[in-house]
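S.K.: A single structure is presented below for examination.
Any read-out appearing in this document is the output of simple, stated calculations on the displayed coordinates, not a laboratory observation. As the structure is a prediction and not an experimental result, all values here were calculated from the model. Note that we place each Cβ from the backbone using ideal geometry, even for glycine, and neighbour counts take in every protein chain shown.
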Amino acid sequence: MRMFIASDIHGSAVNLERFFGIVDSALPEHPDTKVVLLGDTYNHGPRNPLPEGYAPMRVAKLLNDAMSFITVIKGNCDSEVDEMISNFPIIGDFHMDWNGRTVFFTHGHKVNPDCPPTGVRPGDVVFYGHFHKPSVTEKEGVRYVCVGSVGIPFDGTPRSYAVLDEDKVTLKDFDGNVLDSFALNG
Ligand SMILES: [Mn+2]
């Protein structure tokens, strides 16, 4: 299986369309692809400017049409009304086994390199968003991957996402450039 992980759409329908275009173009090679979205999905957020192509109901339409292959986590800008426009659940943090290691998925405002998830062990990988800047941080043998933001990247960073393959993690921008990557060995 392959997973695309993105975050912080903040209602930017045009950029969610671009992201889904990237996912679609990889589907012929990896038909079993899933997508995980790490929260801050519809609302721009009171501290943020309006993103390019702000259209939360169009974001809802795109996600409802994609509900068979997406998992959506709740972020700190996501509210109860968001669930009314979504035909899919907006869930809390989760983790899963990935070839003998655990991969964690979280929005990132409560769990991040400074606040590790409960039960994390060396070799595990934590995917998070919230900070709107793509990065890979290693701390006590754990890799923390901030996937960046689809809608409102901060400080001149590019729009970005992560790809989780069986044997590696790749952080990429929307133009296909590899921002960082690491192997998953053993
Ligand atoms: Mn955010």
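S.K.: Once you place label points 7 Å from the Cα toward the Cβ at PHE69 and ASP32, how far apart are they in nm?
M.R.: 1.4
S.K.: Pull out a ≥ b ≥ c, the square roots of the eigenvalues of the alpha-carbon gyration tensor of the range 3-183, then state rounded if a/c is under 1.5, prolate if not and a/b is larger than b/c, and oblate in the remaining case.
M.R.: Numbers: a/c = 1.44, a/b = 1.31, b/c = 1.10.
Since a/c stays below 1.5, the shape of the range 3-183 is classed as rounded.
S.K.: Under a 5 Å amide H to amide H cut-off, with H placed in plane at 1.01 Å, what residues pair with ASP78 once short-range neighbours are removed?
M.R.: ASP40
S.K.: Let me ask something additional. Explain nothing, just the number: relative contact order of the range 3-183, from Cα pairs under 8 Å at least 6 residues apart, as a whole percent.
M.R.: So the answer I get is 23 percent.
S.K.: On to the next question. Can you list residues whose amide H is under 5 Å from ARG159's amide H, if they're 5+ apart or on another chain and H is modeled 1.01 Å from N?
M.R.: Close amide H contacts, sequence-distant or interchain: PHE174.
S.K.: If you take every DSSP beta bridge whose two residues both sit in the range 3-183, what share of them, in percent to the nearest 5, is antiparallel? Please report the intermediate quantities before stating the final value.
M.R.: Numbers: 25 of 41 bridges.
In the range 3-183, DSSP labels about 60 percent of beta bridges as antiparallel.
S.K.: Set the bar at 20 Å for Cα to Cα. Now go through LYS110/LYS133; LYS61/LYS172; LYS74/LYS110; LYS34/LYS74 and name every pair that lies beyond it. Before the final figure, lay out each step's value.
M.R.: Numbers: LYS110/LYS133 16 Å; LYS61/LYS172 25 Å; LYS74/LYS110 12 Å; LYS34/LYS74 18 Å.
From the list (LYS110/LYS133; LYS61/LYS172; LYS74/LYS110; LYS34/LYS74), the Cα-Cα distance tops 20 Å for LYS61/LYS172.
S.K.: Normalised by the number of residues in the range 38-126, what is the relative contact order in percent for Cα pairs under 8 Å and 6+ residues apart? Mind dumping the intermediate values first?
M.R.: Numbers: 106 pairs, mean separation 24.4, N = 89.
Relative contact order for the range 38-126 comes out at 27 percent.
S.K.: If amide hydrogens are placed 1.01 Å from N in the peptide plane, which non-local residues have theirs closer than 5 Å to the one on VAL142?
M.R.: GLY123
S.K.: Placing +1 at every Lys and Arg Cβ and -1 at every Asp and Glu Cβ, with all other atoms neutral, what dipole size does the chain have around its Cα centre, in debye to the nearest 20?
M.R.: Values: 16 positive and 25 negative charges, 34 e Å.
In total the dipole reaches around 160 debye.
S.K.: Kindly write out, for the range 28-36 in residue order, the coupling ³J(HN,Hα) from the Karplus curve 6.51 cos²θ - 1.76 cosθ + 1.60 (θ = phi - 60°), rounded to whole Hz, with x marking Gly and Pro.
M.R.: Residue by residue, the range 28-36 yields x, 7, 9, x, 9, 5, 10, 10, 10 Hz.
S.K.: Kindly write out, for the range 145-150 in residue order, the coupling ³J(HN,Hα) from the Karplus curve 6.51 cos²θ - 1.76 cosθ + 1.60 (θ = phi - 60°), rounded to whole Hz, with x marking Gly and Pro.
M.R.: Coupling constants for the range 145-150: 10, 7, 7, x, 10, 6 Hz.
S.K.: Kindly rank 61-73, 139-151 from highest to lowest mean number of other beta carbons found within 10 Å of each residue.
M.R.: Working: 61-73: 16.2, 139-151: 22.5.
In descending order of packing, they fall as 139-151, 61-73.
S.K.: For the range 168-174, take each phi angle, set θ = phi - 60°, evaluate the Karplus expression 6.51 cos²θ - 1.76 cosθ + 1.60, and give the result in whole Hz per residue in order, putting x for glycine and proline.
M.R.: Values per residue, Gly and Pro as x: 6, 10, 10, 9, 10, 9, 6 Hz.
S.K.: The range 6-108: which GluC sites (Glu not before Pro) are DSSP loop and have at most 11 other beta-carbon atoms within 10 angstrom?
M.R.: Working: sites: GLU17, GLU29, GLU52, GLU80, GLU83; in loops: GLU29, GLU52.
Here the sparse-neighbourhood loop sites are GLU29.
S.K.: So, in Å, what gap is there between the alpha-carbon centers of the range 99-147 and the range 39-85?
M.R.: 22
S.K.: Another question, if that's okay. Treating the angle as unsigned and between 0 and 90°, give the value, to the nearest 10°, between the Cα long axis of helix 56-65 and the longest Cα principal axis of the chain.
M.R.: It works out to around 60 degrees.
S.K.: Another question, then. 222 nm [θ] for the chain, helices only, -39500 (n - 2.57) per DSSP H run of 4+, per residue, to 500?
M.R.: Numbers: 3 runs with 29 residues, N = 186.
The helix-only estimate for the chain comes to -4500 deg cm²/dmol at 222 nm.
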